[in-house]
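Scroll down for the structure; my scribbles are underneath it.
The values are calculated or read from the model by the stated rules, or taken from the named source; none is laboratory data. Quick caveat: nothing in here was measured; it's all calculated off a predicted structure. Cβ placement follows ideal geometry from the backbone for every residue including glycine, while neighbour counts extend to all protein chains displayed.
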Amino acid sequence: MTEFIIISVLIILFGGFLYWAYLPDYRRNPKEFWRTLIGMPIGMILGGIGFKDLNEQIKKWAVAEKNEKKTEK
């Protein structure tokens, strides 16, 4: 029973984190939201364990469409 309570609290905290952390980004550009949601945590993990080049590749993938739109204008 204690494990269920702990897991429930952690899921609620994680849901709250996602809501407050990613909601402004979703409102800004819903189409690129999934790239941010996927790329940001993976990039942070890869950068933390020493794969900085791969982290940069993921950052470029996550913001590629934004840069293309800026250059078109």
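General observations
- So L37, is it within 15 Å of A62 (Cα to Cα) and either modelled with pLDDT under 75 or hydrophobic (A, V, I, L, M, F, W, C) (or both): yes
- Pair list, Cβ under 7 Å, 6 or more apart: the range 34-54 residue over 20 Å from W20 (Cβ atoms) and in contact (Cβ under 8 Å) with a residue 24 or more places away in the chain, other residue surrounded by 13 or more Cβ atoms within 10 Å (Cβ to Cβ) and among the acidic types (D, E): none
- Of the residues making up the range 29-55, just one is outside any helix (DSSP H, G or I) and surrounded by 14 or more Cβ atoms within 10 Å (Cβ to Cβ), namely F51.
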